[in-house]
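Participant: Have a look at the structure that comes next, please.
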Amino acid sequence: MKHKVPYGKEFIEFELDVPVEKLIAEKIEKAPDKRAIVRAAMENPIGSAKLCELAIGKRNAVIVINDITRPSPTQLLVEEISRELNEAGIRDSEITLLVATGNHRTNTEEELISMVGEEAYKRFMIINHNASDPDQLIDLGKTTRGLAVVVNRLVVESDLTILTGIITPHQSAGFSGGRKSIVPGVAGVKSLEQHHSLPIRSEHPVMGKLENNTFHEEAVEAARKVGVDFIVNVVKNSDGDITTVVAGDLVEAHEKGVADCKKAWEIQIQGKFDITIVSPGGYPKDFDMHQAQKALATAEMITKAGGSIILVAECAGGIGSFAQLLIESRDPQEVINCFKREGFNSINHSSKAYMYARVLQTHDVYFLTDKIDPLELKKMFFIPSASINAAYNNAKMKCEETPRVSFIPYAVDCIINIVS
């Protein structure tokens with residue numbers, strides 16, 4: 001049987017000589033009318049008054065939007081939110097779109113237009129958050145656990161702060177969306193470095209888990225200190241279509257979205273696999289090595305220690321600054337030790353190197369991409385591969401019996417539970 005693997009904006013086909021267990025969540029039907037479901041959610045907010053009511057008498061508003069690496073329906077959300085703000089008396093000139101870049105690069109003019117549409121690009125002021133720009137930041141003190149809450153001053157000083165985004169499984173936060181638009185979305189370097197280091201960050205992937213998740217809990221407390229007024233988040237299915245929209249309170253609306261996300265993305269499996277073939281899910285989720293790593297976290301959880309993972313990711317955007325940590329280290333364990341000792345470094349994004357090293361230490365990782373030099377991949381302890389079949393043929397040589405093989409085409413968004 002042939003299988004299709006998302007790769008950039010295209011697909012790669014493969015067929016093996018053994019059964020392949022394709023792990024994909026049961027498809028949830030898309031909403032018949034995207035705009036209607038957004039409006040319905042905003043008309044029936046969870047744990048909050050309607051946005052149009054909150055906006056009455058307010059002078060200005062900031063709408064926090066995802067950056068280019070997140071497949072959010074930003075244009076639609078901005079159109080509907082700004083419509084309600086306008087109706088409440090807030091003019092376009094008093095509405096700012098703040099791009100939650102976190103520690104990512106600044107989005108280009110072309111990318112901003114693709115995100116919000118030409119009309120919104122002309123109507124509103126759009127600001128890329130810069131975590132290293134002191135003029136953009138304000139210090140709100142610390143959380144009860146001691147996390148420094150340094151964030152973009154716009155979300156504090158605006159009369160209304162509205163968060164938009166998409167709720168998906170997340171390897172550190174449990175789920176994206178909600179509070180993540182504040183930390184790390186519009187946080188300063190000081191907060192980012194502390195929040196992304198141990199022990200706030202778990203040593204292991206925690207997709208789909210919020211309980212006892214300090215990464216999540218600290219972000220919620222930080223967002224509460226900021227004073228978020230309203231959120232609008234969406235859930236999508238494996239085709240990238242909107243299935244659910246939630247709006248309202250920072251925590252209550254997000255929790256409802258999380259429940260919907262679980263329905264869309266949970267998968268039950270029996271035991272771990274010898275070999276896992278994995279894709280982040282195509283563009284933009286495999287835009288670069290920074291994004292592609294998230295797929296490995298899913299594969300890491302379901303592949304036997306000592307087993308093999310075949311990562312299929314285009315990575316047109318290249319390797320990223322974190323890769324130098326891998327290249328300059330003797331082995332993955334050295335990267336792990338360095339991160340545990342020194343914590344997250346916002347300049348080279350050392351947590352990403354740590355998460356790669358964690359799986360490279362325990363598994364053989366084959367990397368299929370035509371955008372990264374195979375010699376560079378070898379320096380980072382990957383096994384470059386020209387095809388899925390070539391990688392599989394090498395990987396199965398380690399198996400004493402017929403290998404159990406899994407295939408995860410949309411790994412970034414999966415919540416895989418191993419049941420006995």
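The values are calculated or read from the model by the stated rules, or taken from the named source; none is laboratory data. Owing to the predicted nature of the structure, the values given are computational and were not obtained by experimental measurement. Here Cβ is always computed from backbone atoms with ideal geometry, including for glycine, and neighbour counts include all displayed protein chains.
Participant: Considering only the range 377-420, state which residues are more than 30 Å from Val258 (Cβ to Cβ), in contact (Cβ under 8 Å) with a residue 12 or more places away in the chain, in a helix (DSSP H, G or I) and touching a Phe, Trp or Tyr at 6+ places or on another chain (Cβ under 9 Å).
Facilitator: Correct list: Ile388, Asn389, Ala391, Tyr392, Asn394, Ala395.
Participant: So Lys371 passes all but one of these: (1) assigned to a helix (DSSP H, G or I); (2) within 16 Å of Ser279 (Cβ to Cβ). Which condition number does it fail?
Facilitator: Among (1) assigned to a helix (DSSP H, G or I); (2) within 16 Å of Ser279 (Cβ to Cβ), the lone unmet condition for Lys371 is (1).
Participant: Do you know which of the residues in the range 109-152 that are of a type in the set (Val, Ile, Thr) and free of Cβ contacts under 8 Å to residues at least 24 places away in the same chain is nearest to Ala223 (Cα to Cα)?
Facilitator: Ile138
Participant: Another one. Taking the options Ser48, Ser114, Ser93, name whichever one is part of a helix (DSSP H, G or I), farther than 16 Å from Ile166 by Cα, over 22 Å from the mean Cα position of the chain (by Cα) and hydroxyl-bearing (Ser, Thr, Tyr).
Facilitator: The conditions single out Ser93.
Participant: Moving on. Would you check if Arg201 is out of contact with any Cys (no Cβ under 7 Å at 6 or more places or on another chain) and either among the aromatic types (Phe, Trp, Tyr) or farther than 30 Å from Thr303 by Cβ (or both)?
Facilitator: The answer is no for Arg201.
Participant: Modelled with pLDDT under 95, among the charged types (D, E, K, R) and under 18 Å from the mean Cα position of the chain (by Cα): is that true of Glu217 in this structure?
Facilitator: The answer is no for Glu217.
Participant: Let me ask another. Give Pro184, Pro205, Pro199 a once-over and let me know the one that is modelled with pLDDT under 95, surrounded by 18 or more Cβ atoms within 10 Å (Cβ to Cβ) and either part of a strand (DSSP E or B) or in the same structural domain as Gln75 (by TED's automatic domain parsing) (or both).
Facilitator: Pro205
Participant: Hey, does the range 405-413 have a residue that's at pLDDT 95 or above and more than 25 Å from the chain's Cα centre (by Cα)?
Facilitator: For the range 405-413, residues at pLDDT 95 or above and more than 25 Å from the chain's Cα centre (by Cα): present.
Participant: For the range 30-51, enumerate the residues that are surrounded by 16 or more Cβ atoms within 10 Å (Cβ to Cβ), touching a helix residue (DSSP H, G or I) at 6+ places or on another chain (Cβ under 9 Å) and of a type outside the set (Lys, Arg).
Facilitator: Ala31, Val38, Ala41, Met42, Pro45, Ile46, Ser48, Leu51 - these are the residues of the range 30-51 that are surrounded by 16 or more Cβ atoms within 10 Å (Cβ to Cβ), touching a helix residue (DSSP H, G or I) at 6+ places or on another chain (Cβ under 9 Å) and of a type outside the set (Lys, Arg).
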